[in-house]
Every structure is written in C-alpha cells, then in structure tokens.
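Quick notes on the structure that follows.
Please treat every number below as a calculation from the coordinates, not as lab data. Bear in mind that the values here come from a model prediction, so they are computed numbers and not experimental data. Neighbour counts run over all protein chains shown; Cβ positions are idealised from the backbone, glycine included.
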Amino acid sequence: MELTLTVPDTANLSKTDAQLLFAMKLFEAQKFSLGKVAEVAGLSYRTFYELLIRYGIPIVSLTEEDVKEEIVNVDRFL
C-alpha cells in the first residue's frame, strides 16, 4: 500500500522525518515487527532499533501477566 500525506510547511518536517515518526508509531502500536517498520522508515534494523531506544520507545512490551509467567519459568530452572 502506498500512502500520500500532506504535511503543512509550518511542521518543518522532512519526508525522512515523517517516515521515521510514522514507522515509530506503527511499532509502538504493535502493528508491525521491528524489522518491517525499519523497512518502512528506510533504515537498517540496527539503526531503527537504536533510534527507538534514543526516543524512549520500548523494544519489548510485556504485560504484568507476562512478567509473572517469566518469573515462574525462571524459578523452575534455578
């Protein structure tokens, strides 16, 4: 799918910046994998990963239940 978006000049946003912000939001909303959104942004996996960290966007999102389950699993193996 191709998307055309008109952004006001007052936003002072380049095409690259808009692609990056859109890709970050897609990742944050858990719509696509990190690899896929890196492709949307036109960046390598590693570069996009580092930018997510820089912008404070969690790479992994776990629910409280996920964390409890992981603790139980770790305790079983220790």
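Label-to-label distance for residue 64 and residue 16 is 4.3 nm, based on points extended 7 Å past Cα in the beta-carbon direction. Taking label points 7 Å from Cα along the Cα-to-Cβ direction, residue 73 and residue 51 give a separation of 3.0 nm. Extending 7 Å from the Cα toward the beta-carbon at both residue 4 and residue 44 defines two label points whose distance is 3.4 nm. If you model segment 13-77 as an ellipsoid using its alpha carbon gyration tensor, with each semi-axis the square root of five times an eigenvalue, the axes come out at 30, 11, 10 Å, biggest first. Its relative contact order, with pairs defined as Cα atoms under 8 Å and 6+ residues apart, puts the chain at 18 percent.
Long hydrophobic helices in the chain, taken as whole DSSP H segments with a C-alpha length of 15 Å or more on their own axis and mean Kyte-Doolittle hydropathy at least 1.6, are absent.
As a proxy for reagent exposure, 55, 49 were ordered by neighbouring Cβ count within 10 angstrom, fewest first; the result is 55, 49.
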